[in-house]
1. Can you confirm whether B:Ile64 is touching a residue at least 40 places away in the same chain (Cβ under 8 Å) and closer than 30 Å to B:Glu280 by Cβ?
2. Being modelled with pLDDT under 95 and not assigned by TED's automatic domain parsing to the domain that holds B:Glu101 is true for just one of B:Asn240, B:Asn173. Which residue is that?
3. Mind listing just one residue for me: the one in segment B:289-317 that is surrounded by 24 or more Cβ atoms within 10 Å (Cβ to Cβ) and among the hydroxyl-bearing types (Ser, Thr, Tyr) and, of those, farthest from the chain's Cα centre (by Cα)?
4. Kindly establish whether B:Tyr75 is within 30 Å of A:Val79 (Cα to Cα) and either crowded, with 21+ Cβ neighbours inside 10 Å or within 16 Å of DNA strand D (Cβ to nearest atom) (or both).
5. For a quick check of your reading: which helices (runs of 4 or more DSSP H) sit entirely within segment A:1-74 and have at least 1 residues that are aromatic (Phe, Trp, Tyr) and either near DNA strand C (Cβ under 8 Å from one of its atoms) or outside the structural domain of A:Asp91 (by TED's automatic domain parsing) (or both)?
6. Among the listed residues B:Lys35, B:Lys43, B:Lys22, identify the single one that is farther than 22 Å from A:Arg117 by Cβ, free of Cβ contacts under 8 Å to residues at least 12 places away in the same chain and over 28 Å from the mean Cα position of the chain (by Cα).
7. Can you name the residue in segment A:136-146 that is touching a Lys or Arg at 6+ places or on another chain (Cβ under 9 Å) and in contact (Cβ under 8 Å) with a residue 60 or more places away in the chain and, of all such residues, is nearest to the other protein chains (Cβ to nearest Cβ)?
8. Considering only residues that are small (Gly, Ala, Ser), within 16 Å of A:Tyr47 (Cα to Cα) and near DNA strand D (Cβ under 6 Å from one of its atoms), which ones fall in segment A:17-37?
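The values are calculated or read from the model by the stated rules, or taken from the named source; none is laboratory data. Fair warning: this is a prediction, and the values are worked out from it, not measured in the lab. Note that we place each Cβ from the backbone using ideal geometry, even for glycine, and neighbour counts take in every protein chain shown. Just so you know, the surface numbers come from the protein's heavy atoms only, side chains and all, with ligands and any DNA or RNA stripped out. Shrake-Rupley method; radii C 1.70, N 1.55, O 1.52, S 1.80 Å.
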Number of protein chains: 2
Amino acid sequence: MAAVNLKQLAKILNLSISTVSKALRDSHEIGDATKERVLAKAKEMDYTPNPFASGLRRNKSKTIAVVVPEVANNYFSLVINGIERIAQENDYHVLIYLTHEDFEKEKGIMKHLENKRVDGILMSVTMNTKNQSHLSDFQQKGIPIVFFDRICHEIETAKITTDDYISGMNATNHLIENNCKDIAFLSLGDDISIMQKRKSGYLEELHKNNMEAKPERVIKCGNDDEMNYQLVKKLLTGKNKPDGIFASVEKLAIITYQVCRELNINISKDLKVICFSNLETASLLSPSLSTITQPAYNIGKTAAEVMFKYLDKNKTYIPNENIVLQSTLHIRESSQQIV
Amino acid sequence: MAAVNLKQLAKILNLSISTVSKALRDSHEIGDATKERVLAKAKEMDYTPNPFASGLRRNKSKTIAVVVPEVANNYFSLVINGIERIAQENDYHVLIYLTHEDFEKEKGIMKHLENKRVDGILMSVTMNTKNQSHLSDFQQKGIPIVFFDRICHEIETAKITTDDYISGMNATNHLIENNCKDIAFLSLGDDISIMQKRKSGYLEELHKNNMEAKPERVIKCGNDDEMNYQLVKKLLTGKNKPDGIFASVEKLAIITYQVCRELNINISKDLKVICFSNLETASLLSPSLSTITQPAYNIGKTAAEVMFKYLDKNKTYIPNENIVLQSTLHIRESSQQIV
DNA sequence: AATATTTACGCAAACGATGTAGTAATTTTA
DNA sequence: TAAAATTACTACATCGTTTGCGTAAATATT
C-alpha cells in the first residue's frame, strides 16, 4: 500500500540500507551478484526513491520552473512544449507559474522559488516588470535563470531571443512596399525588451524610407483587452486613420480584426495588417493574416538545453550569452496590395 | 549567499530550533513576544523553509500534477489556466506533464509520480489509453486523481466532464436543421470516453430524424495530422461526399478547412461544418466557424477545486462523483444555410 | 500553603536517502 | 610469507523540518 522504502527493501534482502542504496545507484563498491539481487527485488517491490529525501540530501530537485505571463497563448504554449520535451529527456520535472502580466504576482512567484525548490528557472518577464531586484539574487543563491523572449538585460545569464529588430524592419518594409503611407505600431507596454526592439525596427525602417514617425502612431496597449479594443477602435475611427498596422503581438492583431469587422473596414484593401504571431489558423482567417512567426518550440527547446548544459555540470552560474533565433515572415492576404 | 535555515535563525535569536519552528507555524506553545521576535528576524533574514525538508517530514509536497495530451491547444491551455489559478490560491505548485497522446509516455509519467512527489493528480488521458492498470494504484497509495474531460470510468474518483452527449445531439440536430442529409463524424481515436459520448449523440440524433447512420461516415482520425489530412481529403473527394461535417475536436475542423481550401469546396454552401472548439479566432475564420465550446477554464478550476476540497481535509480518497458542466453552441457561418 | 494546572520553551527522534569512514575477508604483491 | 591492496559490505552522521515529550517556572486552584 504505502510506497516501499529503502529500509524495508534492505530488511527483506537482508542487507544494510546503504548497500541497497549503492546497489541501486550502481556503485562499484557493490558486488555484481548483490546488485542483481537488489535490482530484481526493487523492481518486484516497485521501489522508487523518495524525491524529498534525495532532494534534501543532495540539494537537487530535478525540477525546473517555467515562469510565463500566459499559457492560453499559442506562443507560450509552444515554448512550454519545447521546454517540457527537453526536460523529459533529462528526467526533469517542470513547474509552471503564470504571472498574468502582473508584476506583483511575478514577485510573489519568485519569492516562492527562492528556496531551492527548483534547480533552475526559465522565464519571460511580464510586460509590467519594472526592475530586476526580485531576480538578481537567484544566480548567487545557486539557482540559474535563463530568459527567453522577454529578457532582463541587467541580469547576467543566457538569453534566448529572436531577431526582433530585423523582423520589425522587415515587417515595416513589407507594409511600405505594399504602399502603406501611414503605419501604426501597436505596442504592448513599453518597458519590455522585445517591444523596444520591434519598435526600433519599425522606426528605423520608417526613417530609411524618409517617412515621418509620428508619436501618436505608436499605441501603447496593455493587459486589458477591452481597453485595447477601445484604443484600436479610436485609432481606426475618423478620417485621419493609418493605412497599415503593425501589431507587436498576436492578440492585438485579433483585436484589430474585430475592430475592423465592427467598423466595416476592409483589411487588405483599406488597411494592411501584419503581426507577430504563432496562430495556427492565420492562413484561414478572413483575410488570411500575414505574420512574423517566432520559432516558439525551438525557443523553449533551446532555453531548456542551455539550462541543462549548466545543470549537468553542476554549474549554477551561467555567463552572459545571447542566442538569437530567426523568425520567419509569412506574407498572406492581410498585408498585400490587391492587384 | 546560501539560503538561511532554521538552525542559523535559532542561533541568532538565541532560541532552540524547535521554538523557532513552532513560532513560525504560530504554535500556541510559543509566547507572543517570542513569536514576534522570530517573525521579525525571519523576515529580515529572508527565511523560507526548505520544501524538501518539510515535504519529507510531513509527507506533503504542496504540489499537484497536471497530465494532459498537449498544451499547444486552446482547450488544454485554458484548463491549465484554471487549474493554476486555484493552485496559486491554495499555495500549491503545479507540475506539467505532456503525454503527446502516447500511451507509453503516459505510463512512464505516471511511474514518475508514484512516489509522493505530488499530493494529487489532475488528468485527461491520451486518446490511446487502453487500460487503467497504470492508474488504479494511485488512490490507495494516497495520491488522489481527478479526471477531466477524457476520463477513466473504471477508476472511482471525481470526474469533470461536459454534456458531450447532449452537445453531440445538438450539433447534429443543428446541421440537420440546416438541411444536411449526409453528415460525417470526425472522431479522434475510438476508445476515449468523450468520443463515445459525442458519437452517441450524433448517432442518436440521426436516428431520431430517421437518417441512416452509415459506418463509413464515422472517420477515425488519430494523432498524425498528415494522415488525418489524407483521411479528410479522401472523405471529401469524389462525388459521394457528405454535406455536413461534425468534427469532434478543433484540429480536425482546421484540417477540414485546409482540405476544403485545397479542393475548392465552399464551406457553408457545399459543406456545413461544426466542431468542438475553444478557438479564439473562430469568428474570424472564413467562413466563421460554428463551435460547441466547452467551459475550459471552469473545467480546470472545478477539477482543482474538487481536488483541494479533499486535500485540505487530508482525505486521499475521493469518492465517485460526476460533475457535468455545460458547453455552449455558437452558431456561425460554417454551419448555416445560406439564405 | 500545598497541590494542580498552564505557559513557554528545549531535547531528541523521526522522515528517507546518501556518502564518508570503517572493517572484515579475500586477493595481490614484494 | 608477511605486508599491501582490493573487494564487498555495514555503521553512522547528515540534509532541514516537524513534533511528541519533558520540564522548569509561573499561575491558578483548593
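1. Judged against the criteria, B:Ile64 is a match.
2. On inspection, the qualifying residue turns out to be B:Asn240.
3. Only one residue tops the list, namely B:Ser290.
4. Against the criterion (within 30 Å of A:Val79 (Cα to Cα) and either crowded, with 21+ Cβ neighbours inside 10 Å or within 16 Å of DNA strand D (Cβ to nearest atom) (or both)), B:Tyr75 qualifies.
5. Filter on segment A:1-74 gives A:51-58.
6. The unique qualifying residue is B:Lys22.
7. Restricting to residues being touching a Lys or Arg at 6+ places or on another chain (Cβ under 9 Å) and in contact (Cβ under 8 Å) with a residue 60 or more places away in the chain, the top hit is A:Gly142.
8. A:Ser18
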